[in-house]
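What follows is one structure encoded as structure tokens, with my remarks underneath.
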Amino acid sequence: MEKENKTRNVSVIKDADGNNIVMINDIIFKGKRSIAWDDVEDYLRNYIGDFYKNAETNDVVYFGNDLPDEYAHSDYTKSLKGTYAKAKANAAQGLGEMLEIAFSGSYIENKKEKHAIDAAKGWYRFESRFALPVYGDNDEVERYNVFHIYLIIRHDQNGKKYLYDLINIKKETSKPLSCQ
């Protein structure tokens, strides 16, 4: 497969409270009934080998070979429906920026034998936020829905950290971003 153009319409802004939000301005994964997760997996394959530095910890986190499949086909992903499925699919565009602004990291020791090598040094869980546009009947952006998520990072036996998945998507209902 030929590499996709890596141009993405993504930026980091601050909300009224001074918190960072990754603005994802294009909805590239659409579907009335379901998301084509194989397309999301193919999209993420273009970013294998990319890396980002987290501002809070200065840790470098890579996009490894296992990210596309885990992101698109994990048990968590399979459980998603509607808005949350579309949010996770389109969040793939801003994963790097979400890693950069991630906060409140916590460590969890690896307990599963199947991850004895790829997460030999444990797991990290970070919080982050992103926003997606909501379009009105006239195809104009009415507002942005803001989502809170957890990024799961595995710490490999080789000492490198790799993004593994994005879980626990929650829509922030208190303050959607307006387009004014």
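The values are calculated or read from the model by the stated rules, or taken from the named source; none is laboratory data. Given the structure is predicted, the values throughout are model-derived calculations rather than measurements. Virtual Cβ from ideal backbone geometry, glycine too; neighbours counted across all protein chains shown.
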| query | Out of all the residues in the range 123-131, is one or more surrounded by 15 or more Cβ atoms within 10 Å (Cβ to Cβ), at pLDDT 85 or above, in contact with a Lys or Arg (Cβ under 8 Å, 6 or more places away or on another chain) and over 19 Å from Tyr84 (Cβ atoms)? | reply | yes
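Based on this model, can you work out whether Ile27 counts as within 21 Å of Lys171 (Cβ to Cβ), touching a strand residue (DSSP E or B) at 6+ places or on another chain (Cβ under 7 Å) and in a loop (DSSP other than H, G, I, E, B)? Break it down stepwise before answering.
Details: within 21 Å of Lys171 (Cβ to Cβ): yes; touching a strand residue (DSSP E or B) at 6+ places or on another chain (Cβ under 7 Å): yes; in a loop (DSSP other than H, G, I, E, B): yes.
Yes; evaluated as a whole, the condition is true for this residue.
Considering each residue of the range 75-93, count those that are charged (D, E, K, R), assigned to a loop (DSSP other than H, G, I, E, B) and touching a helix residue (DSSP H, G or I) at 6+ places or on another chain (Cβ under 7 Å), and give that number. Explain how you work it out, then say what you get.
Filtering the range 75-93 for residues charged (D, E, K, R) gives 75, 78, 81, 86, 88.
With the extra rule that they be assigned to a loop (DSSP other than H, G, I, E, B), the set shrinks to 81.
When the remaining residues are screened for being touching a helix residue (DSSP H, G or I) at 6+ places or on another chain (Cβ under 7 Å), the result is none.
Matching residues across the range 75-93 total 0.
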| remark: Within the range 97-121, residues being over 24 Å from Ala85 (Cα atoms) and surrounded by fewer than 15 Cβ atoms within 10 Å (Cβ to Cβ) number 12
